[in-house]
Structures are given as structure tokens and as C-alpha cells.
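Worksheet: one structure, shown below.
The values are calculated or read from the model by the stated rules, or taken from the named source; none is laboratory data. This is a predicted model, so every value here is computed, not measured. We place every Cβ from the backbone using ideal geometry, glycine too, and count neighbours over all the protein chains shown.
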């Protein structure tokens, strides 16, 4: 009886072992996808916070603009009253700008809407405690005299030209007294939001690195387990392969976002340094202004005692500012900071063009624009040792899924960069587009180490890689092949060991071209920096 029970026992053990392998693979997959998903959730939260900060900064910027306009107009009204000049237009503009300023104060404090050029914008309340102190300070200063200013605006009668001059004088006094304080609060608020954004970016980068490292460990374990399962069950391999390919896409996108975060940290860093330098320089200006203020005060009081001491001190302070060149230095710091902001804006714009997460449908797209967006996104990978040469031809648009096609270009460019790392003469990446019959042809070539003839036919196979264990998954070019195939296109490769590799991607073109598309042509050679 023991002999007859052995096959049943073996079958049960095999079944248990199979279930254990399935359970193990499922656990690995859940852990890996959870890690990648967590990175995307964090990115989404950071994006929402950045959008909220952008809205609040826009509101603060308009607040400063309305406050300055209000002060200028009420001074014009007071001057007109004194000189007898008509002040209807000045007072109307004063009322408009003041009420707009009041809307922005309320919006930043408790959330709400405000109008800009007849367009309504919404903003959420400021939550950052450090930034909210500036908002509270501005609201408290404004609340002291708000009722008087609003009553002055509402009491004006255009027909009778009646104006409460007492309220007008009190409003002008208030504006003069609090002009600098409100503007300072506004600038400090914007600066604090920028600092908070930098801190969030730093935390995001750390979390991403940890999550990606953990993901790679889990991914390596999955790959080893799948390699064993390949010999036993083809169906399990096919099902798992699709899941792993999707996971690789998510991991590569996570790495790309981490690289962009690093790219953004550089301009954010020198913008912060510039602001700190400007803040230090401002102390020198303030010191000189204090000295000059003492002199003017004595002259105003006709008290000329001690001027022989104070005047030289003021002159020395002014000469110190001029000799060090603080005015030019502040101007240069501001210009550099604007350039840094422009760089960040360029990165964010190209990230949006690259991902196109809102464009999940098949649509008409420019292949040249897709290549340019991918180059900007891949800048942190390529710039270390690659020279980019672009030769774009006159090509029509294509019907494609833009985000998927950008993934194809990114994978090939990344492989080219890795192949050129050890090139003593420096890597060169040639990107060329042309039209061949009804197909748009994209050529991506490098002068790297090349691919051995024995491996050339395997490079599109899932899991095939020539890299050491743990450094490559063998899915990058497999993803490329499947995406091109789904676009009814073809991909060919030519390579020579020691000389480089050429990829040729052919995708059907849109036959009916617009006049603008047929006339567009450009060709240039550029070095990526």
C-alpha cells in the first residue's frame, strides 16, 4: 500500500510546490507594483501641491500688483483734489484695484475666487504654517482700515463729485504707513512657498531612490523565479511576461522622474543662493538709507549739530555700496534667478509633452517634436558623455500613441548612452528623420561598443541581456519591439562591434498633409548641454 501511495504523494507535493511558486510570484509582483505605485502616488501628491503653490503664488503676485496700483491711484486722487484737477478716472481705478486686492487677501486667507481681467480664478487656503504667518499679517494690517477704505469707495457720488476728504486722508495715511510692510509680507510669502517646494522635492527624491532600489531588488527576485518557471510551464511565462513588461515601463518612468528632480534641484539651488545674496546686500542699502534718513531728519528739524559726523558716515556707506557694485550684483542675481525659473519651466513643459498622460487615444503627432521632448527628458542621462547630432527632414505627421512612442525613443537613447560610456573619443548620438514612400523613418545611431553578431537576432527577445546580473532586465528593447509592432511599423538594427549601432524605425505616415506640415523643414547639428 505504501507503494501505491507514493505517486499520489508526489503529485500532491508537485501541486503544493506549484501553488507555492504562484504565491511567491504574486507576492513579488504585489510588492513591486506597490513600490512603483507608491512613487506615482507621491508624485501625484507633489504635483497637486505644486499646482496649489502655483495658484497661490499667482494670487500673491496679483495681490502685490493690485496693492501698488491702489496706492498709486489714491495718491493721484489726493493730488487731484488739492490741485482741483478732475479725479473721476483715478478714483474709479482706485476702487477697482482696491476691491481686487481685498479679494486676493480673502482668497489666500480662507480660500475662494478672485477676478483677473474678467476671468475667475480659484485658490485654496494657505496651509504652510510659515507662509500663513505672512498671510495673517497682511490680513490683520488690512483689516484695521478695510472698512474705512471700502466706505470711501462706496460713498463716492460720480454725479455730485462728493468725496469724503477725511476718509481720503486717512486712507492715504494708511497706505503710506503700511505700503512697505504689505509688499514685504507678499515677497516673503512667495519666497517661503518656493522654499517649501524645494523641501518637498528633496523628500520626493529620497523616497524615490529608496523605492526604486527596493523595486530593483524585488524585480531581480522575480526575474530569477521566472527563469526557473520557464522550464516548467509556458502559460505561466506568457502571463507573467506581460506583467513584467508593464512593471519595467513604470520603473523606467520612475527613474526618469527622479532624474528630472535632480535636474530641477540645480536651478532651485542657485535661485535660493541668489536670493540669500540679495538679502545680504539689502542690509547694506538699509544701512545707507538709515544714515541718509538721519541727515534728512536733522535738516527738516533745522538741527545742524553733528552733521559733520553723520554726513561723512552716510557718504562712506554710499561709497561702499558703489565700490562693491551691490546694485549691479543684485541685478545679475535677479537675471540669473529668472534664467533658473525658465529652465525649470522648460523641464516641466517637456515632461508634460513627453508623458502626455491625457492623450491615451490614437492621434496625429509630429515625430520631430516627440524626439525633441525625449531628448530634454533624457538630458540627465546623455549629457555626461554624449554629443547629440540632429538631422531632421521634411516629414509628415504620424498616427500614434505619443507617450508609447516617446518610451521607444527613451529606451533606445538610454541603451546608446550606456554603450558609449567607455568610448575614449566621446559618444555621438545621431538622430535623423526622413520620408521613405509612405513611411516616416527614424534613425538613431551611436558610436558605442556595438552588438556581437550572435546576439543581434536576440536583442528583442524578452529577458535577453548581455549585462551582468542585477544591471539589466532584458525588457527594454522587447518593449520597443512590441510598441512599434502595435503601431503597424517595423524596427531594424545594424551593428558592428567596436564601431556602433544603428536603429531604423519605420512608421506609416498620415497621407493627407496640411500645407504647414509640407512646408516645414529644418536640419541642425547641436551639442546637448
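Quick one: which residue in 448, 476 is modelled with pLDDT of 85 or more and in contact with a helix residue (DSSP H, G or I) (Cβ under 6 Å, 6 or more places away or on another chain)? Don't jump to the end; show me each part of the working.
Values: 476 fails: modelled with pLDDT of 85 or more.
It is 448.
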Residue set 81, 85; condition farther than 30 Å from residue 190 by Cα and either not assigned by TED's automatic domain parsing to the domain that holds residue 127 or not in a helix (DSSP H, G or I) (or both); output residue 85
Go through region 364-400 and count every residue that is within 14 Å of residue 410 (Cβ to Cβ), in a loop (DSSP other than H, G, I, E, B) and either modelled with pLDDT of 85 or more or not assigned by TED's automatic domain parsing to the domain that holds residue 423 (or both).
0
Counting only residues that are closer than 12 Å to residue 444 by Cβ and out of contact with any strand residue (DSSP E or B) (no Cβ under 8 Å at 6 or more places or on another chain), how many does region 362-399 have?
2
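Based on this model, can you work out whether residue 56 counts as closer than 24 Å to residue 112 by Cβ, touching a strand residue (DSSP E or B) at 6+ places or on another chain (Cβ under 8 Å) and either crowded, with 23+ Cβ neighbours inside 10 Å or modelled with pLDDT under 85 (or both)? Full working, then the answer.
Numbers: closer than 24 Å to residue 112 by Cβ: yes; touching a strand residue (DSSP E or B) at 6+ places or on another chain (Cβ under 8 Å): yes; either crowded, with 23+ Cβ neighbours inside 10 Å or modelled with pLDDT under 85 (or both): yes.
The answer is yes for residue 56.
Select from region 208-224 the residues that are surrounded by fewer than 18 Cβ atoms within 10 Å (Cβ to Cβ) and in contact with a helix residue (DSSP H, G or I) (Cβ under 6 Å, 6 or more places away or on another chain) and write down the one among them that is modelled with the lowest pLDDT.
Taking region 208-224 first, the residues surrounded by fewer than 18 Cβ atoms within 10 Å (Cβ to Cβ) are 209-210, 213-214, 216-217, 220-221, 224.
Cutting the leftovers down to in contact with a helix residue (DSSP H, G or I) (Cβ under 6 Å, 6 or more places away or on another chain) gives us 214, 221.
Working: 214: 75, 221: 70.
Filtering first and then ranking leaves 221.
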Restricting the search to region 147-183, which residues are crowded, with 16+ Cβ neighbours inside 10 Å and farther than 23 Å from residue 88 by Cβ?
178, 182, 183
Looking at the structure I just gave you, is residue 72 modelled with pLDDT under 85, surrounded by fewer than 16 Cβ atoms within 10 Å (Cβ to Cβ) and either assigned to a helix (DSSP H, G or I) or in contact with a helix residue (DSSP H, G or I) (Cβ under 6 Å, 6 or more places away or on another chain) (or both)?
no
Tell me, yes or no, whether region 110-129 has at least one residue that is in a helix (DSSP H, G or I), within 39 Å of the chain's Cα centre (by Cα) and at pLDDT 85 or above.
yes
Looking at residue 384 and the list (1) buried (at least 18 other Cβ atoms within 10 Å of the Cβ); (2) over 22 Å from residue 436 (Cβ atoms), which single condition is not satisfied?
(1)
Can you tell me which residues in region 79-127 are touching a residue at least 60 places away in the same chain (Cβ under 8 Å) and surrounded by fewer than 19 Cβ atoms within 10 Å (Cβ to Cβ)?
81, 88, 121, 122, 124
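Suppose we filter 61, 96 for residues that are in the same structural domain as residue 183 (by TED's automatic domain parsing), in a helix (DSSP H, G or I) and closer than 16 Å to residue 182 by Cα; which single one remains? Give the derivation first.
Details: 96 fails: closer than 16 Å to residue 182 by Cα.
Exactly one of 61, 96 is in the same structural domain as residue 183 (by TED's automatic domain parsing), in a helix (DSSP H, G or I) and closer than 16 Å to residue 182 by Cα, namely 61.
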Just a yes or no: is a residue in region 87-108 on the phi > 0 side of the Ramachandran plot and either out of contact with any strand residue (DSSP E or B) (no Cβ under 7 Å at 6 or more places or on another chain) or modelled with pLDDT of 85 or more (or both)?
no
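Yes/no matrix, rows are residues, columns are (1) more than 30 Å from residue 188 (Cβ to Cβ); (2) in the same structural domain as residue 188 (by TED's automatic domain parsing); (3) touching a helix residue (DSSP H, G or I) at 6+ places or on another chain (Cβ under 6 Å):
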| position | (1), (2), (3) |
| --- | --- |
| 289 | no, no, no |
| 295 | no, no, yes |
| 302 | yes, no, no |
| 305 | yes, no, no |
| 309 | yes, no, no |
| 314 | no, no, yes |
| 317 | no, no, yes |
